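Student: Below you'll find the structure I mean.
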């Protein structure tokens, strides 16, 4: 694995979105604009930390998790990758940072990753996922299951 920059200057409750594709700036601007919109039924202000540094170009999910979550208690990270930039709905990749070694029992990890370690989410879903995971209201597995049940494999909302 390559060495990636340290993610600094972000708030504890901000969703972390890392741009890993640098082929289309217009698509990235569209993703960033979607992430900046208020969300939810109240609506809530978005809290997101965007990492827009070409040093992250073509980083894999494992590389991002390893670099972006060092010393942090963060249960999910979002990638704006090639698929995000090419899709009309700009679905980001949500990746759990939870490792088997983080769980007291193997069954806990197996439950969390029953539908995989990652799934796609619409930009508005980033806020819902991150907020609920931050307060332990829902688990990663519940969002992954909803994405798994979607015909396109995308988490859209509950």
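The values are calculated or read from the model by the stated rules, or taken from the named source; none is laboratory data. This one's a predicted model, so the numbers in the text were calculated from it and none came from an experiment. So basically every Cβ, Gly included, is an ideal-geometry build from the backbone, and we count neighbours across all protein chains shown.
Student: Return yes or no: is residue 70 surrounded by 14 or more Cβ atoms within 10 Å (Cβ to Cβ) and either at pLDDT 85 or above or over 22 Å from residue 24 (Cβ atoms) (or both)? Lay out the reasoning, then the answer.
Tutor: Numbers: surrounded by 14 or more Cβ atoms within 10 Å (Cβ to Cβ): no; either at pLDDT 85 or above or over 22 Å from residue 24 (Cβ atoms) (or both): yes.
Considered against the rule, which asks whether it is surrounded by 14 or more Cβ atoms within 10 Å (Cβ to Cβ) and either at pLDDT 85 or above or over 22 Å from residue 24 (Cβ atoms) (or both), residue 70 comes out as no.
Student: While we're on this one: For region 126-144, which positions are touching a strand residue (DSSP E or B) at 6+ places or on another chain (Cβ under 9 Å) and more than 19 Å from residue 65 (Cβ to Cβ)?
Tutor: Of everything in region 126-144, those that are touching a strand residue (DSSP E or B) at 6+ places or on another chain (Cβ under 9 Å) and more than 19 Å from residue 65 (Cβ to Cβ) turn out to be 127, 128, 131.
Student: Now for a separate question. State whether one or more residues within region 102-113 are touching a strand residue (DSSP E or B) at 6+ places or on another chain (Cβ under 8 Å) and either on the phi < 0 side of the Ramachandran plot or part of a loop (DSSP other than H, G, I, E, B) (or both).
Tutor: Scanning region 102-113 turns up at least one residue that is touching a strand residue (DSSP E or B) at 6+ places or on another chain (Cβ under 8 Å) and either on the phi < 0 side of the Ramachandran plot or part of a loop (DSSP other than H, G, I, E, B) (or both).
Student: Still on this structure, please answer the following. Can you tell me how many residues within region 25-51 are surrounded by 13 or more Cβ atoms within 10 Å (Cβ to Cβ) and out of contact with any strand residue (DSSP E or B) (no Cβ under 9 Å at 6 or more places or on another chain)?
Tutor: Total satisfying the criteria: 4.
Student: Only one of (1) touching a residue at least 24 places away in the same chain (Cβ under 8 Å); (2) under 23 Å from residue 22 (Cβ atoms); (3) surrounded by fewer than 15 Cβ atoms within 10 Å (Cβ to Cβ) fails for residue 88. Which number is that?
Tutor: Against the list (1) touching a residue at least 24 places away in the same chain (Cβ under 8 Å); (2) under 23 Å from residue 22 (Cβ atoms); (3) surrounded by fewer than 15 Cβ atoms within 10 Å (Cβ to Cβ), residue 88 comes up short only on (1).
Student: Quick one: in region 66-86, of everything that is part of a helix (DSSP H, G or I) and in contact with a strand residue (DSSP E or B) (Cβ under 6 Å, 6 or more places away or on another chain), which residue is farthest from residue 130 (Cα to Cα)?
Tutor: So, considering only residues that are part of a helix (DSSP H, G or I) and in contact with a strand residue (DSSP E or B) (Cβ under 6 Å, 6 or more places away or on another chain), the one farthest from residue 130 (Cα to Cα) is 84.
Student: Something else about it: Identify all residues within region 1-51 that are under 18 Å from residue 89 (Cβ atoms) and free of Cβ contacts under 8 Å to residues at least 40 places away in the same chain; write none if there are none.
Tutor: If the condition is that a residue be under 18 Å from residue 89 (Cβ atoms) and free of Cβ contacts under 8 Å to residues at least 40 places away in the same chain, then 26, 29, 32, 33, 36 are the ones that fit.
Student: Considering each of 93, 133 in turn, give the residue that is touching a helix residue (DSSP H, G or I) at 6+ places or on another chain (Cβ under 7 Å), in contact (Cβ under 8 Å) with a residue 12 or more places away in the chain and part of a helix (DSSP H, G or I).
Tutor: 133
Student: Now a separate question. Step by step: first the residues of region 22-46, then only those that are more than 17 Å from residue 122 (Cβ to Cβ) and part of a loop (DSSP other than H, G, I, E, B), then the one that is modelled with the lowest pLDDT. Which residue is that?
Tutor: 42
Student: Which numbered condition trips up residue 128, out of (1) touching a residue at least 60 places away in the same chain (Cβ under 8 Å); (2) touching a helix residue (DSSP H, G or I) at 6+ places or on another chain (Cβ under 7 Å)?
Tutor: (2)
Student: Exactly one condition in (1) closer than 18 Å to residue 77 by Cα; (2) surrounded by 17 or more Cβ atoms within 10 Å (Cβ to Cβ); (3) touching a strand residue (DSSP E or B) at 6+ places or on another chain (Cβ under 9 Å) is false for residue 5; which is it?
Tutor: Result: residue 5 fails condition (2) only.
Student: Among the residues of region 143-158, write down those that are part of a helix (DSSP H, G or I) and surrounded by 17 or more Cβ atoms within 10 Å (Cβ to Cβ).
Tutor: Passing the criteria: 143, 144, 146, 147.
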